[in-house]
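To start, the structure itself, in structure tokens.
The values are calculated or read from the model by the stated rules, or taken from the named source; none is laboratory data. Just so we're clear, the structure is a prediction, and the values are computed from it rather than from any experiment. Note: ideal-geometry Cβ built from the backbone for every residue, glycine included; neighbour counts use all protein chains shown. Protein only, heavy atoms only, side chains kept; ligands, DNA and RNA dropped before computing areas. Shrake-Rupley method; radii C 1.70, N 1.55, O 1.52, S 1.80 Å.
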Amino acid sequence: MPATDTENSGRDPRHGSPGQGTGRAAGGTDGTDGTGGTDGTDGTGGTDGTGGTDGTGGTDGSDEMASGLDALESPVSATAATSRRLLAKAAPPLAAVALVLALWQTAYALGWSASLPSPAAVWGELAGAWSDGILLPALGHSLLRCLVGFAASTAIGVPLGLLLTRAAPLRTVLEPILSAVQSLPAAALVPVSVIALGNSEGAVYAVVLLGAVPSIAVGVTAAVDRIPPLLLRAGRSMGAGGLRGAVHVLVPAALPGFVTALRQGWTFGWRALMTAELITATPLPGIGRMLDAGRQGGELSLVLASVVLILAVGVAVESVLFSPVERRVLHSRGLASATGR
């Protein structure tokens, strides 16, 4: 009688014997049962959620160790980054100073000018002025005059510039006058102030005002003119008109230009002050008086020492005050990096 398909499949070598097939179906690998693991290990052994390396075991320990190492390395890396940033900022000006001093010393050593002093002689003049009690009072008087004059110039120039942007007839009359006064050298303003106010502190402050106010007013006017008209219309459509619009829309939009105007005002005021101190005979001598004393005595080393001091003050005010403020303002608008220009 022919064999059935079932019997043939049971006797087929590829399927094994019926007993073997049943054993494999019920059993695991190497005689282990269906609930077992590999080589007699069961479901509770080996690497699982509770044994070996799991979420609460070795991995957590590694994370804690890594975070601890990061905490130890963070201050060092932050200090190193700060040092590199400061070095990157200080390297260019220091290199420029070193180059100037090298050229100066070379010119002195080669004898290109019989009256040219060495850098050491100029430094000696500054040290002597310090030890004689001349340098610090002169520096203090000049800085105080310029700060007071600059504050007064800002209080006058900023509102004047804003007023010119709102009053077209007044702007037509005053803007050419301000531009003309701004173009005048400070030496032309000193005689006018001295004749009108005498050799007094008032004459010095008048020269500073005449030098700084036109620059600030013209700069503020130009900054407001560069505001996109669409921004002003958007502010008015949202109810920011009049004084409210000026405070919340106009001034913030023109703030970078305002910083530039104030920087120019300080520069013009500082140069005007040095000219006024050089020419006028004020009761409180400043750096300009030191410069004039060197000129009258024919001491080029004292003249150069005064010039170096004037340049140092200008660079210090620019680096400490205006550059950080301008960088912060530009960075807040996405126009420059916060770490450098």
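A few points about this structure:
- Nitroxide proxy distance, nm - points 7 Å out along Cα→Cβ at residue 110 and residue 171: 5.3
- Difference of contour (0.36 nm per residue) and Cα-Cα distance, residue 323 to residue 307: 3.5 nm
- Highest to lowest packing among 290-303, 268-281, scored as the average C-beta count within 10 Å: 268-281, 290-303
- Rounded if a/c under 1.5, otherwise prolate or oblate - the stretch 77-140, Cα gyration tensor axes: oblate
- For the stretch 276-333, the relative contact order is 21 percent, taking Cα pairs closer than 8 Å that sit 6 or more residues apart in sequence and dividing their mean separation by the residue count.
- In order along the stretch 199-216, phi translates into HN-Hα couplings of 6, 9, 5, x, 5, 5, 5, 5, 5, 5, 5, 5, x, 9, 4, x, 5, 5 Hz, rounded to whole numbers, per the Karplus curve 6.51 cos²θ - 1.76 cosθ + 1.60 with θ = phi - 60° and x for Gly and Pro.
- FRET efficiency for residue 197 and residue 127, using Cβ-Cβ distance with R0 set to 41 Å, rounded to 0.05: 0.70
- The stretch 144-287, accessible surface, carbon-and-sulfur percent (1.4 angstrom probe): 74
- Förster radius 41 Å - calculated FRET efficiency between residue 147 and residue 238, Cβ distance, rounded to 0.05: 0.55
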